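Data first, discussion second: the structure below is written as structure tokens.
The values are calculated or read from the model by the stated rules, or taken from the named source; none is laboratory data. Worth saying up front: this structure is predicted, and the values here are computed from it rather than measured. Cβ sites come from the backbone with ideal geometry, for glycine too, and all protein chains shown count toward neighbours.
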Amino acid sequence: MRGGEAAATGHPPASSTAAPAGPPGGTPAYDAIWRDGLLADLDPRELARTFGTPLYVYDLDTLAGRAARLRAALPDRVDVAYAVKANPSLAVIATLASAGLGADVSSEGEREAALRAWIMPRAIVVTGPGKSDRLLRRAVESGIRAIAVDSPGEVPRVEAAAVAAGERARLLFRLAQPGQTFGMPWEDALAAARLAVASDHLRPIGVHAFAVSSALDAGALVRHVQRTVDAAVPLARAAGFPLALVDVGGGLGIPYRDGEAPLDLASLGAGIGDVLTELSSRLDLSETRILVEPGRYLSGPSGAFLARVVDVKRLDGRHVAVLDGGINHLLAPALVGRRHRLRLVGSGSSQDRPPDGRQLVPVTLTGPLCTSLDVIGRLEAFPEPRPDDLVVALDTGAYGFTQSMPWFLSHPGPAEVAIAGGRAMLVRDRLDPAEVVAAQRIPRFDV
Ligand SMILES: Cc1ncc(COP(=O)(O)O)c(C=O)c1O
């Protein structure tokens, strides 16, 4: 690592994120940031020394490689929009923009991030519940590809935004899925589509549905695509609009455990290809496109979370290591019970990096919060931790930083570092609790 880069801030320019390392002109083969005990070939201890902890690290070469392989596996009539909610870091979005992906955004902040990271408005779809009037208006004004309406009531709101913007808004109709609160029943979606067909300010173009989450089975994803197409075709015909786009959401899974088989991209591509071939046999559907919105699949394995062991103690026959970042920075273990793969990096000599010589003991890894929920791992055979060791949580490039609760207990938040071509750069400053204090005022109603 080069010392000067440690102080650099701001996201890397397109040229440094766009050029993945690896064979010249080729796609890097790496599938994940953690390789041979290193993070994108850099020593985690060196990263921790340079940037401090807690820290999120993203490998932009891995990210670019994953995007390129997904793109290559899917038929040409499938578009890919990165679900920004998975990781809204500008460095991540810009890398995916350079790989030719669009974006799926669900808030004004995400729309802003996508545009700042060079995603073209015509490659952005707006999805999700509770869209603000400001988001609708700015989305229509900027010529966004489509807005997925979540309810019949959203149609007149988008229409008002379209009138105010002086632009025609393109609409998708989100179909509700069992057990979810998003979208609407097919009959309501039809009513919403008919409203839109009747408006001079709206152009219905398709249907949106997201049913399968974290799927490692390509067949389950393909069945969802088929079901969505089967629901979209009669809806578009009954409402009387040409079906240009079927947005099937995200849900492409990643293995979180050692030995779990990854999603078979070739089967996914072939299965969606079959759905498209069948569509092409019908004259009015030969141009219909499919959109996928993966988040986790792209950024998850490309990122890792690093925290330092602050304290160790023994409790109830277990070793407890207290880290400088816990569920305030990585909430998924408490929120959804996710068991991220965890690695200990020794603080001692280079032989100690994978601490081979250490005894394997039962360990609980906690963060610095005053809640017993703050456990990021409970392992029965983990190398015995010591103060100043590092713990690396893998597959945290999606729903890590963005899904955390950084202000609980007002500890410093994690910084974010991007690595490309063997170089590391700070892409987000450490969140400073002093700024949260500075943004407040104590009321004095007596003056
Ligand atoms: C509408 C929509 N699209 C895409 C995604 C991304 O899902 P994943 O990260 O599982 O691919 C989500 C996740 O919540 C979503 O709500």
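Does His340 qualify as being within 16 Å of the ligand (Cβ to nearest atom), in contact (Cβ under 8 Å) with a residue 60 or more places away in the chain, outside any helix (DSSP H, G or I) and over 30 Å from Ile205 (Cβ atoms)? Yes. Of all residues in segment 279-291, those that are within 18 Å of Val248 (Cα to Cα) and charged (D, E, K, R) have Cβ atoms under 6 Å from Cβ atoms of residues that are in a loop (DSSP other than H, G, I, E, B) and modelled with pLDDT of 95 or more, 6 or more apart or on another chain, in Arg289/Arg77.
Residues are listed down the side, and each one gets a yes or a no for (1) within 14 Å of Glu416 (Cβ to Cβ); (2) aliphatic (A, V, I, L, M); (3) at pLDDT below 65:
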{"position": "Arg2", "(1), (2), (3)": "no, no, yes"}
{"position": "Ile33", "(1), (2), (3)": "yes, yes, no"}
{"position": "Leu63", "(1), (2), (3)": "yes, yes, no"}
{"position": "Arg71", "(1), (2), (3)": "no, no, no"}
{"position": "Leu74", "(1), (2), (3)": "no, yes, no"}
{"position": "Pro88", "(1), (2), (3)": "yes, no, no"}
{"position": "Ile93", "(1), (2), (3)": "yes, yes, no"}
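Quick one: Ser151 ticks every box in (1) surrounded by 24 or more Cβ atoms within 10 Å (Cβ to Cβ); (2) over 30 Å from Leu265 (Cα atoms); (3) within 16 Å of the ligand (Cβ to nearest atom) except a single one, so which number is it? For Ser151, the failing item is (1).
Condition check for Leu291 on (1) in a strand (DSSP E or B); (2) away from the ligand (no atom under 16 Å from the Cβ): one failure, at (2).
The residues of segment 234-251 that are surrounded by fewer than 24 Cβ atoms within 10 Å (Cβ to Cβ), touching a helix residue (DSSP H, G or I) at 6+ places or on another chain (Cβ under 7 Å) and not in a loop (DSSP other than H, G, I, E, B), listed by number, are Leu235, Ala238, Ala239. Residues in segment 216-233 that are surrounded by fewer than 21 Cβ atoms within 10 Å (Cβ to Cβ) and within 13 Å of the ligand (Cβ to nearest atom): Leu216, Ala220, His224. In this structure, Glu384 does not satisfy being in the same structural domain as Lys313 (by TED's automatic domain parsing), within 19 Å of Ala304 (Cβ to Cβ) and more than 16 Å from the ligand (Cβ to nearest atom). Mind checking whether some residue in segment 192-202 is among the hydroxyl-bearing types (Ser, Thr, Tyr) and either within 13 Å of the ligand (Cβ to nearest atom) or surrounded by fewer than 18 Cβ atoms within 10 Å (Cβ to Cβ) (or both)? Within segment 192-202 (the criterion being among the hydroxyl-bearing types (Ser, Thr, Tyr) and either within 13 Å of the ligand (Cβ to nearest atom) or surrounded by fewer than 18 Cβ atoms within 10 Å (Cβ to Cβ) (or both)), the answer is no, since none of the residues qualifies.
Within segment 294-337, restricting attention to residues that are part of a helix (DSSP H, G or I) and more than 25 Å from Asp31 (Cβ to Cβ), which residue is farthest from the chain's Cα centre (by Cα)?
Just the residues of segment 294-337 that are part of a helix (DSSP H, G or I), to begin with: 296-299, 332-335.
Filter again for more than 25 Å from Asp31 (Cβ to Cβ), leaving 334-335.
Details: Ala334: 18, Leu335: 16 Å.
Among them, the one singled out is Ala334.
Among the residues of segment 250-268, write down those that are away from the ligand (no atom under 13 Å from the Cβ) and within 13 Å of Val292 (Cβ to Cβ). Matches in segment 250-268: Leu265 only. Any residue at all in segment 278-285 that is among the aliphatic types (A, V, I, L, M), within 22 Å of Ile147 (Cα to Cα) and either surrounded by fewer than 22 Cβ atoms within 10 Å (Cβ to Cβ) or assigned by TED's automatic domain parsing to the domain that holds Pro75 (or both)? Within segment 278-285, one or more residues are among the aliphatic types (A, V, I, L, M), within 22 Å of Ile147 (Cα to Cα) and either surrounded by fewer than 22 Cβ atoms within 10 Å (Cβ to Cβ) or assigned by TED's automatic domain parsing to the domain that holds Pro75 (or both). When segment 54-91 is filtered for residues that are surrounded by fewer than 24 Cβ atoms within 10 Å (Cβ to Cβ) and either of a type in the set (D, E, K, R) or over 30 Å from Arg289 (Cβ atoms) (or both), the ones remaining, listed by number, are Arg69, Arg71, Asp76, Arg77, Asp79, Lys85.
Restricting the first member to segment 176-190 and to residues that are part of a loop (DSSP other than H, G, I, E, B), and the second to residues that are acidic (Asp, Glu) and modelled with pLDDT of 95 or more, the beta-carbon pairs closer than 7 Å and six or more apart or on different chains are Phe182/Asp150; Gly183/Asp150.
With respect to (1) touching a His at 6+ places or on another chain (Cβ under 9 Å); (2) within 25 Å of Gly240 (Cβ to Cβ); (3) of a type in the set (A, V, I, L, M, F, W, C), the lone exception for Leu171 is condition (1).
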